[in-house]
Amino acid sequence: MITIWHNPRCSKSRQTLALVEEKGDVTVRKYLEDAPSAGEIRAARDLLGVKAIDMMRPKEAAFKEMGLSKDDDDETLIAAMADCPKLIERPIVFAQGKAALGRPPEQVLEIL
């Protein structure tokens, strides 16, 4: 089973979706409409093997508006992503108990 946290307005997300669709059935989660919980974000971070900041979009206006800093602890950043999912870097693909960020899109092929 392949799942993608997808934003159809993002070209990288669309490119990544096209790549994974070639590999099989894909469950598409439009994470802006169906926001992941803090627990799901924490699990994604753990599967990615990164710090929370590394799966965020710190250049989004909301990052600054929420008073966030790249130096904030993971739990603060995870809570912010749960409250404002547009802060989540996109796309994230999940397959075979692993996760990969589709930046660049070809990076997700490593877990498929």
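Read the figures in this text as sums done on the coordinates, not as results from a lab. Keep in mind the model is a prediction, meaning the values are calculated, not measured. Positions of Cβ are generated from backbone atoms using ideal geometry, with glycine treated the same way; all protein chains shown enter the neighbour counts.
Numerical summary
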| item | result |
| --- | --- |
| Residue check, D54 within 14 Å of the chain's Cα centre (by Cα), acidic (D, E) and more than 14 Å from A99 (Cα to Cα) | no |
| The one condition in (1) within 18 Å of S11 (Cα to Cα); (2) not in a strand (DSSP E or B) that V93 fails to fulfil | (2) |
| Single residue of the range 1-16 satisfying the filter (outside any helix (DSSP H, G or I) and of a type outside the set (A, V, I, L, M)) that is farthest from P85 (Cα to Cα) | T3 |
| Residue within the range 91-101 that is surrounded by fewer than 19 Cβ atoms within 10 Å (Cβ to Cβ), farther than 16 Å from W5 by Cβ and either under 14 Å from the mean Cα position of the chain (by Cα) or of a type in the set (V, I, T) (or both) present | no |
| Residue match in the range 37-48 (condition: free of Cβ contacts under 8 Å to residues at least 12 places away in the same chain and of a type outside the set (D, E, K, R)) | yes |
| Residue within the range 22-30 that is within 11 Å of W5 (Cβ to Cβ) and basic (K, R) present | yes |
